[in-house]
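In what follows, a structure is listed as structure tokens, so that the remarks can point back to it.
Every read-out reported here was derived from the displayed coordinates using simple, explicitly stated rules and does not represent laboratory data. Only a predicted model underlies this, so the values are computations on that prediction, with no experimental measurement involved. All Cβ positions, glycine included, derive from the backbone under ideal geometry; neighbour counts span all protein chains shown.
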Amino acid sequence: MKTETNSMRIVKPEKESEKAAVEPQKEKAAGKPKYKPVEPVTLETVPEDAVFIRSTDVCKLLNISNSTLRNMRTEHAIPFYKLGGIFLYSKEEIMNYLASNYSRRI
């Protein structure tokens, strides 16, 4: 005896109140911009006299995730230093990296 559990699902008809609740959400999404505007990045947590910065600050500065930063380290695309188990980045080298890879959007 064969039973078909997937094809025997019960589908409940939508109520009018549920349909009305879904339609305004679609209208709101249509008027909302897809991407949020980009804000300039500043490092408030890093003092001005700091020579080295940590991975979290570099991620915020470059607007990338921690895994992307890890991939950049393994490819030696970004200069870094390792002290024990902590990865450190020279603030000056990171700023030079940003300046060398900067491209202006049109």
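Report the GluC sites (Glu not before Pro) located in the stretch 45-106 that are in a DSSP loop and have at most 11 other Cβ atoms inside 10 Å of their Cβ, or state none.
Glu48, Glu75
I'd like the Karplus ³J(HN,Hα) series for the stretch 87-98: coefficients 6.51, -1.76, 1.60, θ = phi - 60°, whole numbers in Hz, and an x wherever there's a Gly or Pro.
Karplus values, whole Hz, x for Gly and Pro: 8, 10, 10, 5, 4, 5, 5, 5, 5, 5, 4, 4.
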